[in-house]
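Since the structure comes first, as structure tokens, the remarks are kept for the end.
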């Protein structure tokens, strides 16, 4: 695995910001790292990039321990924090050359031109960063995170405050970058998660409450697997008394249970009773509803 988090804990005084969390993310994968405000997302990202030391546990990037080899980790990581720390009095090209020099890149000018083209800053490259819109500042932030061609890209709320057109462009850039990198992407926008992410980790009050692929999270709600079942006519709901069953206004039935063999069990009842089945399909929850269910009470 490109990123491996094992039993990570961070304590500030009496507050346990992270409580023994573990997850991993592979190369070529975009992992959506979600949670309410104060859940521990930014703390995890700061530890992963070597800016904060954990109280216990480990994070390794490409097998390199963040605590033991922090400089090596910083060389192989591109990081865009939630509050993009740009030098507003510098010009775009000047700033990117400065970042390239800090990484001791060869052919810095060529690399800067490449980044400017990649993130669409051609028309803005000779402007001061302080004069740019929020969207273009985010592009500058992505350029500085990508300029040294890192193996791992960590993005903390990279699309906050962008308009719809800017969102599309930034999403496209992140998708392009993920083709040969490991990306951890933090956001509160569920639509972005569905568009960008293969895998989701949800953290709540310092603990991992979900760690799965997007499609699995949308079909398993609170540990229950749900199916939408349609019959030619109304049936006796008591036939499915061993499950959580609900008759809906559209004439279908929602049948749920804490089992991976639910479809087989439904089909056995249908076959034994010769029920007039029309259709059976996995019931998908909206990602927003799943998130709310897993983080309720915060």
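Rule-based calculations on the coordinates, nothing more; no lab input. A quick note: this is a predicted structure, and the numbers were derived from the prediction, not measured. Counting neighbours? That spans all protein chains shown, and the Cβs are built from the backbone with ideal geometry, glycine included.
Choose one answer from 14, 66, 140: the residue with the largest mean-square fluctuation in a GNM of the chain with alpha-carbon springs under 10 Å. Ranking 14, 66, 140 by mean-square fluctuation puts 14 first. Counted residue by residue at 0.36 nm each, then reduced by the alpha carbon distance between them, the extension gain from residue 179 to residue 224 reaches 12.9 nm.
Between residue 94 and residue 281, how high is the FRET efficiency from 1/(1 + (r/R0)^6) when r is the Cβ-Cβ distance and R₀ = 51 Å? Nearest 0.05. Before the final figure, lay out the partial values.
Values: r = 56 Å, r/R0 = 1.10.
Between residue 94 and residue 281 the formula returns 0.35.
Distance from the Cα centroid of region 117-188 to that of region 1-74 is 22 Å (rounded to whole angstrom).
Counting every Cα pair in region 76-159, what percent are over 21 Å apart? Write out the running numbers ahead of the final one.
Numbers: 636 of 3486 pairs.
Counting pairs separated by more than 21 Å, the tail of P(r) holds 18 percent.
In terms of other Cβ atoms within 10 Å, 42, 25 run from fewest to most in the order 42, 25. Spin-label model, residue 231 to residue 131: label points 7 Å out along the Cα-to-beta-carbon direction sit 7.1 nm apart. Each label point was placed 7 Å from the Cα along the Cα-to-Cβ direction; for residue 260 and residue 6 their separation is 2.5 nm. Counting beta carbons within 10 Å around each of 148, 110 and listing the fewest first gives the order 110, 148. Just checking the listed ones, 257, 210, 48: in the Gaussian network model of the chain with Cα springs under 10 Å, the one fluctuating most is 257. Relative to the 2.2 N^0.38 Å rule of thumb, region 3-217 has a C-alpha radius of gyration ratio of 1.00. Between residue 215 and residue 51, the contour length at 0.36 nm per residue exceeds the alpha carbon distance by 55.7 nm.
Inter-label distance, residue 102 to residue 269: 6.1 nm, where each label sits 7 Å from its Cα along the C-beta direction. The Cα atoms of region 222-295 define a convex hull whose projected area, averaged across directions, is 5.1 nm². Note on residue 67/residue 188: beta-carbon distance plugged into 1/(1 + (r/R0)^6) with R0 of 45 Å gives a FRET efficiency of 0.95.
If you rank 91, 253 by fewest surrounding Cβ atoms within 10 Å, what's the result?
Values: 91 17, 253 20.
With the fewest neighbours first, 91, 253 line up as 91, 253.
Build a GNM of the chain with springs between Cα atoms under 10 Å apart, and of 267, 45, 115 the one that fluctuates most is 267.
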